[in-house]
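K.L.:
Below you will find the structure I want to go over with you.
The values are calculated or read from the model by the stated rules, or taken from the named source; none is laboratory data. Here the structure is a predicted model, which is why all the values come from computation and not from measurement. In this analysis, Cβ positions are derived from the backbone assuming ideal geometry, glycine residues included, and neighbour counts consider all displayed protein chains.
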Amino acid sequence: MFEFITDEEERGQVGIGTLIVFIAMVLVAAIAAGVLINTAGFLQTKSEATGEEATAQVSNRVTVVGATGNVNTVDQDDAVDNETIQYVNVTVMRASGAENINLSEATVQWIGPDNAETLTNGPESATGTNATKFATVNVNGDSTDVLASQETRIKLVLNATAIRNPGANWQAADGNNNITGLAEGESAQIEITTQYGSTTPYWLSAPESLQGKQAVKL
């Protein structure tokens with residue numbers, strides 16, 4: 001039933017063949033293990049980087065403390081001769097758990113009654129803001145651009161009149177009462193996006209009446 005190899009030379013040849021097959025299997029297993037280890041290391045590094053980016057996008061954002069608006073007064077010699085909100089002032093702070101946030105690298109998306117504009121940080125003077133730029137003003141802290149601590153407060157100044165009427169010469173005394181800012185009872189949404197990619201939405205709502213007022217809460 002069984003065949004026994006009695007020749008010593010044939011017995012040695014069978015042993016060598018088995019050894020070769022065994023070594024080949026070990027080499028294949030080692031190569032496969034190396035590929036698996038490298039793949040696992042790459043996936044771990046990728047997942048850690050993705051997790052850090054996702055965490056930064058969630059936590060490194062701003063919190064809106066409050067918002068006010070400066071009201072235009074009725075003046076027949078001014079281009080804006082109606083009572084509307086010209087400047088919107090949004091005070092922000094660093095969200096809990098956030099790192100330093102540089103507002104000079106932030107963007108503000110304005111989604112208003114008539115149009116949408118994306119604003120970047122511009123002049124230091126609030127009066128120099130326009131349809132594509134917002135200014136930063138230090139309220140509490142050492143910088144006008146960086147939220148370096150939980151106590152730091154910075155005000156973002158947006159020119160609602162220029163945003164709503166991009167390209168219009170609204171500062172000229174032309175008596176054009178069609179050039180307006182945020183009017184009574186109107187609303188607009190802003191979205192503040194930090195350099196980390198996190199976004200904070202906030203609704204601005206003008207009061208039903210602006211008559212006789214110079215500043216209002218939004």
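K.L.:
So which of GLN171, GLN211, GLN189 is assigned by TED's automatic domain parsing to the domain that holds VAL71 and at pLDDT 90 or above?
P.N.:
Matching residue, one of GLN171, GLN211, GLN189: GLN189.
K.L.:
In segment 1-43, what residues are at pLDDT below 70 and not hydrophobic (A, V, I, L, M, F, W, C)?
P.N.:
GLU3, THR6, ASP7, GLU8, GLU9, GLU10, ARG11, GLY12, GLN13, GLY15, GLY17
K.L.:
What is the number of the single condition among (1) under 18 Å from THR193 (Cα atoms); (2) at pLDDT 85 or above; (3) surrounded by 15 or more Cβ atoms within 10 Å (Cβ to Cβ) that ALA162 does not meet?
P.N.:
Going through the list (1) under 18 Å from THR193 (Cα atoms); (2) at pLDDT 85 or above; (3) surrounded by 15 or more Cβ atoms within 10 Å (Cβ to Cβ), ALA162 breaks only (1).
K.L.:
Scan segment 98-157 residue by residue and report those that are part of a strand (DSSP E or B), modelled with pLDDT under 90 and over 19 Å from THR68 (Cα atoms).
P.N.:
none
K.L.:
Among the residues of segment 188-218, write down those that are in a strand (DSSP E or B), closer than 15 Å to THR68 by Cα and of a type outside the set (Ser, Thr, Tyr).
P.N.:
Selection gives ALA188, GLN189, ILE190, TRP203, LEU204, ALA215, VAL216, LYS217.
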